[in-house]
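Below you'll find the structure, written out as structure tokens, and then a few comments.
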Amino acid sequence: MPGRDAELRIAIRAVNEAKAALGEVQADLRALQDAADQANGRFGAVGAALSGLGSSMQTVGKYAMAGMAAGIGAVAGGLGLALKSSADFERQLNIVASVAGATGSELAALRQTALDLGESTAYSAGEVTQAMEVLAANGISAKDIVEGAARAALDLAAAGSTSLVQAADTVSTAMAVWGLSTADLTDTVNRLAGAANVSRFGVEDMSLAIAQGGGAASAAGVEFADFAAAIAGIAPLFASGSDAGTSFKTFIQRLVPDSKPAREAMMELGLITADGANKFFDATGKMRPMAEVVDELNRAVSRLSEKDRTRLLSNAFGTDAMRTAIGLSRMTKEEFIALQTAMGEASAAEIGQQRMQGLAGAMEQFKGALETARIEIGDRLNPIATRFFEALAGFVPTLKEGILNAMDRFSADVLPRLQAALDGVRSAWDRFREPILQFLQS
């Protein structure tokens, strides 16, 4: 069977040649593996280190006590919170400096003031910086904030049981409207806090009254002490400080009658004399103090029936301002002065301390001190964290370069060799496919 022997030899030779081609492919694949290993070599040490670290962490996790693990987690969380508190504080402080136009030394003073107040009061350093921003936005200088405005706002907030931002806005608005200086701060805050002790209006209502009527009162020559006492005195007739402030503003404007009926009503009340003199103003045209305005109103209506009182005050001042006129006319001069004196003698600092006594106050002060501590701890950690993240950021380009280089080598070296090996297998199969198939089918 020579024919069959010849076909067998051809098939065996085809198989051997295919084996040789496959051997070359195997060699190419080994070379591919070597190239891949070389490409990954750069990260081998990192991988080994991470592997060792993982093993170490597993060992620690296996043998460490649960309490120690919880403690470490708490410390780590606390340090993270300290870093965040510090960053938030710095950001808010920079806003204050920007609004106030603070210099470098003033910024340092603002910072220390916020930390000191945060540690010693019921308000956190972060809350203090928010109040500082409001003070600065309302025209209080960085110097004045440090030298008393911030502390005054804290005293008012504690005495009036209101937010620190609200207190800061109230006192700074009053100072701006009446052109008061830092020397007037204590008296201003005491009178605002005293309003809550002598009337139904607290700090928020006084703030609204200032917003609505303060400008007109100041322009007319009404001093802040007079305005504050008048608003406190008429408070029972109004639902809010805003309503009272609006009515008081209109009352001030109507002290000079703007119509014939108003003038006739004032003349009948005896507030304008036969020679045309207005009893609300002195000979120079300057408005008289509120105590004297109250005295004139009280004397004018004391002899009238309720019907005539309502008619004449309505005609003289109008429906809105009539409420202020009625409220003021119910007081004597002596009663108004007593009210004004009581408000001036109030101490916002003492009222605030009294209201912060007990467990609730102690807890609030603890919270403020705790946040201040977090900020100061975060300040110490900031340089370390900064260097760590800078180093980490510096490693990213190196890591990226290594990955890109490995990808380039794979594309340039490994892929072509893999393609060549696969082409060799395909060529060998194409050459000997028919003989092998014929042999197998015979």
Hey, among the residues in region 185-217 that are hydrophobic (A, V, I, L, M, F, W, C) and over 26 Å from the mean Cα position of the chain (by Cα), which one's modelled with the lowest pLDDT? A196
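Residue by residue through region 388-404, note down the ones that are of a type in the set (G, A, S) and within 33 Å of the chain's Cα centre (by Cα).
Step one: list which residues in region 388-404 are of a type in the set (G, A, S), which gives 391, 393-394, 402.
The answer is A391, A393, G394.
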Being touching a Gly at 6+ places or on another chain (Cβ under 8 Å), at negative phi and surrounded by fewer than 24 Cβ atoms within 10 Å (Cβ to Cβ) narrows it down to one residue among E133, E147, E204; which is it? E204
Among the residues of region 98-137, what is the count of those that are under 17 Å from A349 (Cβ atoms) and outside any helix (DSSP H, G or I)? 3
So is E335 within 41 Å of the chain's Cα centre (by Cα), among the charged types (D, E, K, R) and part of a helix (DSSP H, G or I) or not? no
Which of the residues belonging to region 278-291 are closer than 14 Å to S329 by Cα and not in a helix (DSSP H, G or I)? F280
Out of the residues in region 286-306 that are touching a strand residue (DSSP E or B) at 6+ places or on another chain (Cβ under 9 Å) and more than 11 Å from L271 (Cα to Cα), which is surrounded by the most Cβ atoms within 10 Å (Cβ to Cβ)? M287
Condition first: hydroxyl-bearing (S, T, Y) and more than 20 Å from A87 (Cα to Cα). Now tell me which residues in region 381-416 satisfy that. T398, S411
Are any residues in region 292-313 outside any helix (DSSP H, G or I) and of a type outside the set (D, E, K, R), and if so, which ones? L304, S305
Please enumerate the residues belonging to region 340-359 that are modelled with pLDDT of 90 or more and part of a helix (DSSP H, G or I). Q340, T341, A342, M343, G344, E345
Every listed condition ((1) among the charged types (D, E, K, R); (2) surrounded by fewer than 16 Cβ atoms within 10 Å (Cβ to Cβ); (3) within 21 Å of S302 (Cα to Cα)) holds for R263 save (2)
If we scan region 242-250, do we find a residue that is crowded, with 18+ Cβ neighbours inside 10 Å, touching a residue at least 12 places away in the same chain (Cβ under 8 Å) and farther than 29 Å from A157 by Cα? yes
Could you please let me know if T319 is of a type in the set (S, T, N, Q), outside any helix (DSSP H, G or I) and surrounded by fewer than 22 Cβ atoms within 10 Å (Cβ to Cβ)? no
Cβ-Cβ below 7 Å, separation at least six or inter-chain, first residue in region 331-350 and free of Cβ contacts under 8 Å to residues at least 60 places away in the same chain, second in a helix (DSSP H, G or I) and of a type in the set (G, A, S): which pairs? K333/A291; I337/A291
Subset of region 378-403, residues modelled with pLDDT of 75 or more and surrounded by 15 or more Cβ atoms within 10 Å (Cβ to Cβ), comes to G402
Just one of A109, A142 is in contact with a helix residue (DSSP H, G or I) (Cβ under 6 Å, 6 or more places away or on another chain) and crowded, with 22+ Cβ neighbours inside 10 Å; which is it? A142
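Would you mind stating whether L192 is touching a Phe, Trp or Tyr at 6+ places or on another chain (Cβ under 6 Å) and closer than 18 Å to I351 by Cβ?
No; evaluated as a whole, the condition is false for this residue.
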(1) under 30 Å from A195 (Cβ atoms); (2) among the hydroxyl-bearing types (S, T, Y); (3) at pLDDT 90 or above: which one isn't true of S105, the others all being true? (1)
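The values are calculated or read from the model by the stated rules, or taken from the named source; none is laboratory data. Keep in mind that this is a model prediction, so the values were computed, not measured. Here Cβ is always computed from backbone atoms with ideal geometry, including for glycine, and neighbour counts include all displayed protein chains.
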